[in-house]
Amino acid sequence: MAAVTPSASKNINRAEVVDQQFLRHVRQLDPARIRPEAANQMTDIELLALFQCQLQSRQMDLMARVKRLENKVFYTIGSSGHEGNALLGQLTRTTDPAFLHYRSGGFMAARSAQGGRDFITDSARSFAASKLDPASGGRHKVWGNRDLWVVPQTSTIASHLPKAVGCALAIAHAPRVGHQLDIPADSLVVCNFGDASVNHSTAQGAFNMAAWTAHQCLPLPLLFVCEDNGWGISVKTPSNWIRDSFSHRHGLHYIAADVLDLAAAHSAVTQAVARVRDKRQPVFLHLQTTRLMGHAGTDFEVDYRDIAELEQAEARDPLLRSAELVLARGLMSGDDIIAEYESIRQQCLHAADAADSEPRLTTLDEISAPLAPWHPDRVAMQAEQAASDERRQQLFGSRLPEQQGRRHMAILINWGLRDLLAQYNQALVFGEDVAQKGGVYTITKGLQKAFGGARVFNTLLDEQSILGLAQGFGLLGYLPIPEIQYLAYFHNACDQIRGEACSLQYFSNDQFRNPMFMRIAGLGYQKGFGGHFHNDNSITALRDIPGLVLACPSRGDDAVMMQRTLAALATVDGRVCAMLEPIALYMSKDLYQEGDSGWSFAYPAPGQQVPVGQGRVYFPEATELLIITYGNSVPAALRVAKTLLDVNGIHLRVLDLRWLVPLNSVQIIEHAEQCEKILIVDEGRYSGGVSEGLISILQENGLTDRPLQRVTGADCYTPLGDAAKLVLPSEQQIEQAALTLLEVKSASQEGGDIERP
């Protein structure tokens with residue numbers, strides 16, 4: 001154990017203590033008294049390279065503590081104590097996708113050295129939020145680099161684990177469908193995380209998905225790396241928790257290594273990497289590390305750790321042992337080590353000063369540019385393409401779907417998915433029950449038979465895993481079309497879209513993309529059958545995700561054309577897209593009366609699509625009242641319009657939004673200006689629904705002189721049976737609201753909302 005002076009033991013600045021301890025330790029080193037290194041195959045060149053990476057990572061941490069006081073850097077979560085992960089950076093390839101934990105400075109330094117990148121300059125730019133930061137372009141401090149296949153992560157509390165599993169599955173899946181990868185076929189995925197993160201439900205889901213896959217003897221080239229320092233910020237990990245939890249876990253091969261000593265760990269880490277690459281099986285690599293300098297610069301460990309315990313951790317500093325190894329092999333003298341340590345310190349400080357002088361993001365347009373790429377002309381061109389006539393005839397037979405007359409939404413969506421799978425060879429349809437069963441509502445019926453189990457397949461019952469798969473597949477060039485069975489189930493996995501999928505283009509400066517077209521069955525149906533989990537009308541979470549495009553068709557032909565647009569948007573611009581499909585309308589054939597086929601439509605021929613944001617207008621000549629709505633409420637509004645016309649001679653205009661994100665403010669204002677009164681019908685909830693966004697658009701564009709009301713769902717979960725009618729909007733409510741508005745005598749009378757208790 002390295003000695004700690006009495007004055008140092010009282011110092012609350014543990015970065016200074018660790019820094020000075022290293023210098024003192026090197027000065028006092030006696031080659032004759034250094035303990036022998038473990039037998040290993042690590043060459044002198046490898047050891048020197050690793051030591052250099054460790055020193056660079058350490059000095060970046062020390063630089064951050066100094067330069068944050070000068071307001072030149074904005075991030076102080078460091079890698080000190082974890083520098084042994086440089087072994088992983090050295091022993092894996094620059095074509096092995098890596099999803100990294102924030103204490104991965106050593107790994108990044110080693111991988112940067114492999115790829116010819118300047119780790120110090122790149123990292124300093126990231127710490128300083130420079131526009132020249134090669135990872136995020138100045139948007140966040142992330143470990144990431146396109147050339148090195150390090151995929152930026154913004155939160156490493158385990159939310160990156162499902163997509164790491166998905167990426168590994170995508171690599172293994174490519175030969176089954178003839179998909180061409182941008183990386184070698186024998187690549188593996190590295191995913192590291194802290195010991196506290198394994199307790200997160202997202203992590204447990206990822207481990208379960210990996211074990212579930214391995215249990216079925218499916219290849220999964222994934223290296224889980226738990227860097228165990230014994231702490232989750234201020235919460236201590238119980239002794240041996242990781243070892244006892246994972247050393248005998250079915251489906252995961254467990255290997256332990258102490259990376260506080262590079263020589264001792266080298267063979268175990270080498271074995272772990274080789275096993276994953278050669279056997280294509282998941283490995284759980286348990287690395288023993290320590291945490292130095294606290295969780296971050298603002299974390300004063302003396303508030304929750306005894307000084308004696310801190311000193312014990314600091315005595316295990318991996319740089320002390322690495323210096324001993326280098327000295328014992330005669331590769332550097334003590335003076336050489338100190339000179340190199342100080343030289344790297346100056347390089348890091350100078351790099352930080354230089355990065356501080358570089359331009360930063362200064363406008364909203366600059367900041368948001370990579371969030372939502374948008375090339376409407378190219379998207380339209382892509383959406384209007386289709387598989388060849390020969391391929392479509394092989395798929396559908398002599399009568400193509402556009403020649404088969406009017407059909408209800410479920411059939412049209414199914415045909416639309418067939419066309420997409422035929423058009424996009426990289427498209428995959430997956431989710432719970434989508435294969436042999438064809439989905440709960442038969443939407444995917446027959447797709448597996450037509451396209452095979454490699455392109456249409458079931459997943460385990462876990463929405464986080466389903467959306468993690470979608471991200472991993474999208475990252476490697478597929479077009480994933482995951483199905484979430486019910487809207488309520490999406491909320492179990494919302495962060496996979498909010499925090500991970502939709503943020504990737506933004507935090508990688510559009511260098512990485514994970515396009516997808518997510519299908520979600522939702523909204524109310526069948527008189528409350530199944531209760532809340534089958535009648536969820538809360539779409540606020542979806543509308544609040546930056547970059548997400550959200551479609552909600554009310555009729556089958558629109559659904560098909562919007563599918564084409566969403567698939568094209570994902571393909572051309574890499575966007576994350578979702579379609580909220582109203583369950584109640586899947587099987588609806590009639591509109592006004594039984595047998596009228598008023599809600600059955602012909603399949604749109606190839607070449608037809610609906611641009612993002614474009615709504616559908618019914619009765620555009622009407623000016624007395626405009627109803628703005630979507631989903632289930634569209635046919636309901638049309639029935640109300642017919643009733644009021646037949647009974648009262650009143651003409652209503654109905655605007656079906658079709659797209660809930662983004663809202664088309666231009667079209668909304670255009671029709672609102674042409675009508676005397678406005679009724680918003682929102683199946684979402686009273687608070688946080690689409691109606692609030694619509695009212696804001698109307699108000700902000702000066703349409704305050706028109707009487708306005710809204711009919712919405714209640715701020716309540718949906719109950720079973722007929723009681724659901726009391727929570728969800730009804731035709732009677734729409735009709736009564738329309739009549740109330742039309743009875744308003746003067747535009748000066750105030751219309752609007754009455755707060756509910």
Could you order the peptides 384-390, 66-72, 604-610 from most to least packed, using the average number of other C-beta atoms within 10 Å per residue? 604-610, 66-72, 384-390
Only counting other Cβ atoms within 10 Å, I'd like C217, C53, C675 sorted with the fewest neighbours first. C217, C675, C53
Just want to confirm a number: the relative contact order over region 1-138, from Cα pairs under 8 angstrom separated by 6+ residues, in percent. 19 percent
Can you give the angle from 0 to 90° between the axis of helix 14-27 and the longest principal axis of the chain, with both taken from C-alpha atoms, to the nearest 10? 30 degrees
With only helices counted (DSSP H, runs n ≥ 4, each -39500 (n - 2.57)), the per-residue ellipticity at 222 nm for the chain, to the nearest 500, works out to -12000 deg cm²/dmol
How would K445, K163 line up from fewest to most surrounding beta-carbon atoms within 10 angstrom? K445, K163
Which pairs in the list K589/K725; K163/K236; K72/K163 are over 31 Å apart, alpha-carbon to alpha-carbon? K72/K163
What's the exposure ranking of M60, M579, going from fewest to most Cβ atoms within 10 Å? M579, M60
If each part is reduced to its alpha-carbon centroid, region 259-323 and region 396-415 end up apart, in Å, by 59 Å
Pull up the DSSP beta bridges for the chain and report the antiparallel fraction as a percent, rounded to 5. 15 percent
Relative contact order of the chain: what whole-number percent is it, with Cα pairs under 8 angstrom and at least 6 residues apart? 12 percent
Where a ≥ b ≥ c are the square roots of the eigenvalues of the C-alpha gyration tensor, would you call the chain rounded, which needs a/c under 1.5, or, failing that, prolate if a/b is larger than b/c, or oblate? prolate
Which angle between 0 and 90 degrees, to the nearest 10, do you get for helix 161-177 versus the longest principal axis of the chain when only C-alpha atoms count? 80 degrees
Measure nothing fancy, just the Cα-based angle from helix 201-215's long axis to the longest principal axis of the chain, in degrees from 0 to 90, nearest 10. 90 degrees
Taking Cα pairs under 8 Å and at least six residues apart, what relative contact order does region 560-716 come out at, in percent? 21 percent
If you count, for each residue, the other Cβ atoms within 10 Å and average over each peptide, how do 714-721, 567-574, 80-87, 128-135 line up from highest to lowest? 80-87, 567-574, 128-135, 714-721
Among beta bridges assigned by DSSP with both residues in region 376-602, the antiparallel ones amount in percent, to the nearest 5, to 10 percent
Net charge contributed by nearby residues that have their C-beta within less than 13 Å of A372 (K/R +1, D/E -1): -1
Fraction of beta bridges assigned by DSSP in region 616-742 that are antiparallel (%, nearest 5): 15 percent
So for region 616-742, what percent of the C-alpha to C-alpha distances run longer than 21 Å? 34 percent
Roughly how many Å is it from the Cα centre of region 111-161 to that of region 212-251, as a whole number? 25 Å
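Here, each number is a calculation from the coordinates, and none is a lab measurement. All values derive from a computational prediction rather than experimental measurement. Virtual Cβ from ideal backbone geometry, glycine too; neighbours counted across all protein chains shown.
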